[in-house]
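Here's the structure, in structure tokens; my notes come after.
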Amino acid sequence: MAQYKLVRCRLNGRDVERMVDVRASLTDMLRNDYHLTSVKKGCEVGECGACNVLIDGECFNSCIYLAVWADGKEIRTLESLLGPNGELSDIQQAFVDEAAVQCGFCTPGVILSAVEILESGKLYSDDELRKLLSGHLCRCTGYQNILRAVKKTMYRRLGLEPPEA
């Protein structure tokens, strides 16, 4: 017999509440109850990163995070990055500019990891960026364009000139 709990959280800047099955993952709540399709179901065991969301500013695999744990938290998905008229954020535009997107399945999760990296305000080396982005599986891009997009955005946000490739 299913048990339900009321979950109140801040989702992409809006206060929301929903009764959820206590066994439901955050992925299921975000996709099924809020129709946030940027949150992808990939491996469903926390290994591919396609379901990444920001919870209180930190990236988590939402497939292994229970929806009830989101109570009282601030949750951000890729949809939170768009401007009021649908404009892309700087990191989203960098992914386009650097051809860091192919099939696009992994892209929302990778971009949210990039947001966590960028919001730290730190300057990371290539090796550090590779490690910070290592929780994602991408079958298409070969990762180099993703790294370049994150690195260029990091340098721009820090007011530095990005080094040449």
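The values are calculated or read from the model by the stated rules, or taken from the named source; none is laboratory data. Since the model is a prediction, treat every value here as computed from it, not as a measurement. Because the Cβ atoms are built from the backbone with ideal geometry, glycine has one as well, and the counts that use them run over all protein chains shown. These area figures cover heavy atoms from the full protein model, side chains too; ligands, DNA and RNA do not enter into them. Shrake-Rupley method; radii C 1.70, N 1.55, O 1.52, S 1.80 Å.
What FRET efficiency do you get for Arg8 and Leu137 if R0 is 35 Å and r is their Cβ-Cβ distance, rounded to the nearest 0.05?
My answer for the efficiency is 0.60.
For segment 47-162, what does the accessible surface come to per residue with a 1.4 Å probe? Please give it in Å². All intermediate terms of the calculation are to be shown ahead of the outcome.
Numbers: 5810 Å² over 116 residues.
Computed with neighbouring chains in place, this is 50 Å² per residue.
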Whole-Hz Karplus ³J(HN,Hα) for segment 6-14, in order, using 6.51 cos²θ - 1.76 cosθ + 1.60 and θ = phi - 60°, x for Gly and Pro?
-> 7, 10, 10, 8, 9, 10, 6, x, 10
Between segment 1-68 and segment 108-131, what's the alpha-carbon centroid distance in Å?
-> 22 Å
Take the alpha-carbon positions of the chain, form their convex hull, and give its projected area averaged over all directions (one quarter of the hull surface) in nm².
-> 9.9 nm²
Formal net charge of residues neighbouring Cys59 (Cβ-Cβ distance under 12 Å; K, R +1; D, E -1) = -3
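Round to a whole number: what % of the accessible area of segment 41-105 belongs to carbon and sulfur, probe 1.4 Å?
Values: 1600 of 3200 Å².
After summing per-atom areas, the C and S share lands at 50 percent.
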